[in-house]
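The values are calculated or read from the model by the stated rules, or taken from the named source; none is laboratory data. As the structure is a prediction and not an experimental result, all values here were calculated from the model. Virtual Cβ from ideal backbone geometry, glycine too; neighbours counted across all protein chains shown. Heads up: the accessible areas ignore ligands, DNA and RNA and are worked out on the full protein's heavy atoms, side chains in. Shrake-Rupley method; radii C 1.70, N 1.55, O 1.52, S 1.80 Å.
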Amino acid sequence: MLPGSIQISGETLSGAEIRDICESLRENSVRLLSLRGCQLSERDFGHVCRGVAESRSLAQLNLNLGIVSNINRVKQLAEALKTNRSVQSLFLHGSPLTDAGLALLNPALSIHPSLVALDLGDCMLGDEGINLICGLLPPDGAKSGLKELTLSANPGVTSKGWGRLAIAVAHSSQLRVLNLDYNPLGDQVAGMLAVAVASSRTLEVLDLEGTGLTNQSAQTLLDMVENYPTALRTLILSENNISPELQQQISDLLSEGEEEEETEAREVTAREKNPWICQNNPSSQMVLMTSGLGDSLLAETEM
């Protein structure tokens, strides 16, 4: 039987419900466990953590909105993650983690073999927390690291902390999605991030919604998109003091880049899959003969 999901939101969980959850974890019948905003006792939280530690099927763990509410729970979660090998996505959005809590959790995050997505939005983090997170974004070839990172609504981080993150993003070989929405970044930090995006070969999505940006930031980002080839395909700038015209210009340029990549990908697919492609002169000009099979040779299924 394929692993399923357990998704419960905003409820007070009974001991019997916790036992059922833990049994499913131990039986490896759960791929997604979401207890978003639920109430459970300290003892029951410990039982869930032990179930997480034993599970070999759990890929996504959502403990958003205050589940990890104290240092003791942070310690129990850290112990579970040291043993667990399967969790790929961990969501702790809205947990009063603080830098001290992240320091306890960080060793388990750093050595986890499967973790690729981490949500630490609204976790009361500061510059020290950001320094720890930078360790999860290793430079090219160093080791595996995060592909998706959410740090929304952590107003305690200063420009120094965001600058440190920008450097890590610039050198990360794997990060594809970065959500920084609802942080008071301002134009100075946006400039640092523009340099990071221009340097990154992997970052595809950057969310800067509601971060206190102005047309000054938008012009810098526009220049970056216009003049430097990047992997960036989505840049969210809503709820900032930026003119609609500048936002549209940036959006149009990103769309053009995506269309060009899709065209190139289709051409490469055609060359790789069509056995009737031959080279008819030394200049590498290619002649495509469909042999009556039409466009079906170009079709590709997304996984």
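Students sometimes get this wrong: rank Ile6, Ile111 by accessible area, probe 1.4 Å, all chains present, largest first.
I get Ile111, Ile6, largest accessible area first.
Working with all protein chains in place, sort Phe91, Phe45 by solvent-accessible area computed with a 1.4 Å probe, largest first.
Phe91, Phe45
Averaged over all directions, how much area does the convex hull of the C-alpha atoms of the range 124-260 cover when projected, in nm²?
That works out to 7.3 nm², a quarter of the Cα hull's surface.
Calculate, for Arg19 and Ser173, the FRET efficiency according to 1/(1 + (r/R0)^6) with r their C-beta to C-beta distance and R0 35 Å; round to the nearest 0.05.
Once rounded, the FRET efficiency stands at 0.25.
Mind ranking 122-128, 18-24 by how tightly packed they are, going by the mean number of other C-beta atoms within 10 angstrom, highest first?
Most protected by this proxy first, the peptides run 122-128, 18-24.
Rounded to the nearest 20 debye, what is the charge dipole size of the range 5-135 about its Cα centre when +1 sits on each Lys and Arg Cβ and -1 on each Asp and Glu Cβ?
Dipole magnitude for the range 5-135 comes out near 380 debye.
I'd like the accessible area for Glu27: 1.4 Å probe, protein heavy atoms, all chains in place, Å² to the nearest 10.
110 Å²
Any idea how far the Cα center of the range 208-236 sits from the one of the range 58-108, in Å?
The distance from the Cα centre of the range 208-236 to that of the range 58-108 comes to 32 Å.
Of the heavy-atom accessible surface of the range 124-260 (probe 1.4 angstrom), what whole percent is carbon and sulfur?
C and S atoms contribute 50 percent here.
If the chain between Ser5 and Ser69 were fully stretched, how many nm would it gain, using 0.36 nm times the residue separation less the Cα-Cα distance?
That pair, Ser5 and Ser69, stretches by 20.7 nm at full extension.
For the range 21-117, what does the relative contact order come out to in percent, with C-alpha contacts under 8 Å and a separation of six or more?
Normalised by residue count, the contact order of the range 21-117 is 29 percent.
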